[in-house]
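Bear in mind that the values in this text are calculations on the coordinates, not laboratory data. Since the model is a prediction, treat every value here as computed from it, not as a measurement. Here the Cβ positions follow ideal geometry from the backbone for every residue, glycine too, while neighbour counts run over all protein chains shown.
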Amino acid sequence: CSAMDPRHTLQTMHTMRTLADQGIGVGVVLHDLNIAARYTDRAIVLDPSGRVVASGESEQALSPETLSSVFEVSISRHTLDAGRSVLTIGDPD
C-alpha cells in the first residue's frame, strides 16, 4: 500500500482481508503499523538487519515493547471506543 492515499489503502486492505476470510492465502509487506494491526491475523517483525524478532498473532507480534525496541522510539497501544486499538509513536530518545 506504499504511496497510496488513505482511501485506496483501506479499499485494498479490505479486499485482501475479504480474500483471507475466504481461505485464500494473502501475504503483504507493510510499514504502516496501524494498518498491519487492523487487518492482519499474523505478523512477522524484522529488525533493521532483517532478523526476525517477533512472529505470531498480530496483537502479540506487534506489541508496543517489541516495536519500541526495533524502531528505537516509544510506541504505545491505545484502545478506542469501538474496541479497535491504535499505535502511537512518541518522540525519539
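A compact table of results
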{"item": "The listed residue being free of Cβ contacts under 8 Å to residues at least 60 places away in the same chain, outside any strand (DSSP E or B) and in contact with a strand residue (DSSP E or B) (Cβ under 9 Å, 6 or more places away or on another chain), out of L67, L87", "result": "L67"}
{"item": "The stretch 70-84, subset of a type in the set (A, V, I, L, M) and not in a loop (DSSP other than H, G, I, E, B), residue surrounded by the fewest Cβ atoms within 10 Å (Cβ to Cβ)", "result": "V73"}
{"item": "Subset tally (residues that are more than 18 Å from V73 (Cα to Cα) and in a helix (DSSP H, G or I)) for the stretch 18-35", "result": "5"}
{"item": "Yes/no for G56 being in a loop (DSSP other than H, G, I, E, B) and not acidic (D, E)", "result": "no"}
{"item": "So G23, is it at positive phi and either of a type in the set (A, V, I, L, M) or out of contact with any Ser or Thr (no Cβ under 7 Å at 6 or more places or on another chain) (or both)", "result": "yes"}
{"item": "Pairs with Cβ under 6 Å, 6+ apart, first in the stretch 28-45 and under 14 Å from T18 (Cβ atoms), second of a type in the set (S, T, Y)", "result": "T40/S58"}
{"item": "Matching residues, the stretch 2-55, being aliphatic (A, V, I, L, M), within 24 Å of T66 (Cβ to Cβ) and surrounded by fewer than 10 Cβ atoms within 10 Å (Cβ to Cβ)", "result": "V29"}
{"item": "Residues within the stretch 53-85 that are β-branched (V, I, T) and touching a Leu at 6+ places or on another chain (Cβ under 6 Å), tallied", "result": "1"}
